[in-house]
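Note sheet for the following structure.
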Amino acid sequence: MSDADVRFYFDPVCPFAWMTSKWVRMVAGQRDYAVDWRFISLRMINSGVDYDSHFPVGYEEGHTSGLRLLRVAARARAEHGRAAVGRFYEVVSGEIFDSPGAASLMPATRGSRAFAGPLLSRAGLPADLADALDDTRWDDEIRAEGDEALSLTGRDVGTPILHFSPPDGTALFGPVISRLPSPEDAVRLWDHVTGLAGFPGFAELKRSLRERPQLRSFGVDAGEAGAEEDWRAGSRKTTTGRA
């Protein structure tokens with residue numbers, strides 16, 4: 001897609017990618033921007049990692065469910081066009097993170113046909129696209145798109161990755177946000193981020209302390225500030241008692 005204003009590389013089970021995607025959609029609606037939703041699999045990025053020693057319990061199954069859902073997204077794009085990806089992502093990750101039952105949704109469930117089929121229908125897509133959940137023929141395409149993203153940022157990053165003004169603009173990991181801004185602040189944040197991205201030689205701003213995102217899956221309601229946690233190498237530890 002050559003006329004996109006931004007390429008957004010996502011894994012549907014990444015909560016911070018989901019928060020950032022909601023911000024990007026807010027800005028796109030106000031600025032009439034086009035977003036090309038692309039794939040990056042956390043399971044593939046961490047294929048050489050010992051999950052038992054590197055991540056908290058449940059991460060491997062969670063990342064695997066993300067890969068399964070990306071296979072469905074890849075098939076949807078192939079058969080119904082690039083716009084289908086954005087619709088599928090919005091519905092699926094909305095269910096994972098923002099639905100009333102999000103906090104109790106297990107990885108095995110969200111990687112299942114019973115989960116994906118009805119959500120495909122809600123996105124205006126055929127439910128039988130869920131056949132791709134187990135179809136590893138889509139993995140090369142997903143891996144190539146993730147490698148494309150990492151070739152623009154380097155490999156010591158996570159999701160999401162945003163490529164501004166492609167193909168020649170800068171790509172960055174993030175921004176990582178835990179609170180959804182107001183419409184006015186969304187545009188202001190966008191202008192600050194793209195300003196940094198457009199500065200020659202700019203590479204990184206980072207802090208590992210993050211609030212738990214304002215998502216039902218994390219037990220944090222809109223208007224609340226989540227507990228602060230220190231994220232290191234994919235793991236997190238609570239550092240304050242703030243709720």
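The values are calculated or read from the model by the stated rules, or taken from the named source; none is laboratory data. Worth saying up front: this structure is predicted, and the values here are computed from it rather than measured. When we count neighbours, we look across all protein chains shown, and the Cβ atoms used for this are built from the backbone with ideal geometry, even at glycine.
Some points to look at:
- Applying the set (1) buried (at least 18 other Cβ atoms within 10 Å of the Cβ); (2) part of a helix (DSSP H, G or I) to ARG7 leaves exactly one unmet item: (2).
- Members of the range 110-128 found to be over 19 Å from HIS80 (Cβ atoms) and touching a residue at least 24 places away in the same chain (Cβ under 8 Å), listed by number: ARG110, GLY111
- Strands (runs of 3 or more DSSP E) (entirely within the range 118-237) containing at least 2 residues that are at pLDDT 95 or above: 161-164, 171-173
- Scan of the range 129-140 for residues that are exposed (fewer than 12 other Cβ atoms within 10 Å of the Cβ) and touching a residue at least 60 places away in the same chain (Cβ under 8 Å), ordered by number: ASP134, THR136
- Some residue of the range 175-194 being small (Gly, Ala, Ser), over 22 Å from VAL91 (Cβ atoms), more than 19 Å from the chain's Cα centre (by Cα) and surrounded by fewer than 19 Cβ atoms within 10 Å (Cβ to Cβ): yes
- Residue within the range 82-103 that is surrounded by fewer than 17 Cβ atoms within 10 Å (Cβ to Cβ), over 16 Å from the mean Cα position of the chain (by Cα), closer than 21 Å to ASP139 by Cβ and not β-branched (Val, Ile, Thr) present: yes
- Screening the range 25-102 for helices (runs of 4 or more DSSP H) wholly inside it with 3 or more residues that are farther than 22 Å from PRO175 by Cβ and free of Cβ contacts under 8 Å to residues at least 24 places away in the same chain returns the ranges 51-54, 59-80.
- Residue ID - nearest to VAL72 (Cα to Cα), chosen from residues in the range 141-167 that are of a type in the set (A, V, I, L, M, F, W, C) and in contact (Cβ under 8 Å) with a residue 24 or more places away in the chain: ILE142
- Residue tally, condition surrounded by 24 or more Cβ atoms within 10 Å (Cβ to Cβ), more than 30 Å from GLU229 (Cα to Cα) and of a type outside the set (Val, Ile, Thr), over the range 47-74: 2
- Restricting the range 123-157 to residues that are among the hydrophobic types (A, V, I, L, M, F, W, C) and within 16 Å of the chain's Cα centre (by Cα), the residue that is nearest to SER65 (Cα to Cα) is ILE142.
- Residue, surrounded by the most Cβ atoms within 10 Å (Cβ to Cβ), within the range 105-116, restricted to residues that are under 20 Å from the mean Cα position of the chain (by Cα) and part of a helix (DSSP H, G or I): ALA116
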